[in-house]
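Trainee: Starting off with a structure, shown below.
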Amino acid sequence: MPGFGGWRFAGYSHRSGEVRRALCLPCNTGIGQFRDDPEVVWRALSYVEATFEECELSEVSEEEVRELIRAEEDARSGFYARATRVR
């Protein structure tokens, strides 16, 4: 699973309460939103696959990419400054 800045969060089963493994925040949150239900995950995947080709891909300059990365890092840093780390 992807990691962001080395931060990891405890992923656990919402049914049993057992810790499964450490995940990055986006993966941990996403799995929680899917309610640990594989059927919901498959439906979401089907939706993404069906609509992916509808998206128009456009050229982005190197400077625009740097600005996007900088903005994402700033947003992530602000979030992690307020988050509680799980050890």
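Trainee: Around ASP74, with a cut-off of 13 angstrom between Cβ atoms, what is the net charge of the other residues, counting Lys and Arg +1 and Asp and Glu -1?
Mentor: Every neighbour counted, the sum reads 0.
Trainee: Quick check: pseudo-label points 7 Å beyond the Cα along Cα→Cβ at ARG76 and GLU18, how many nm apart are they?
Mentor: In this crude spin-label approximation the distance works out to 3.1 nm.
Bear in mind these aren't lab numbers, they're just calculated from the coordinates by the rules spelled out. Computed from a prediction, not measured in an experiment: that's the story for all the values here. So basically every Cβ, Gly included, is an ideal-geometry build from the backbone, and we count neighbours across all protein chains shown.
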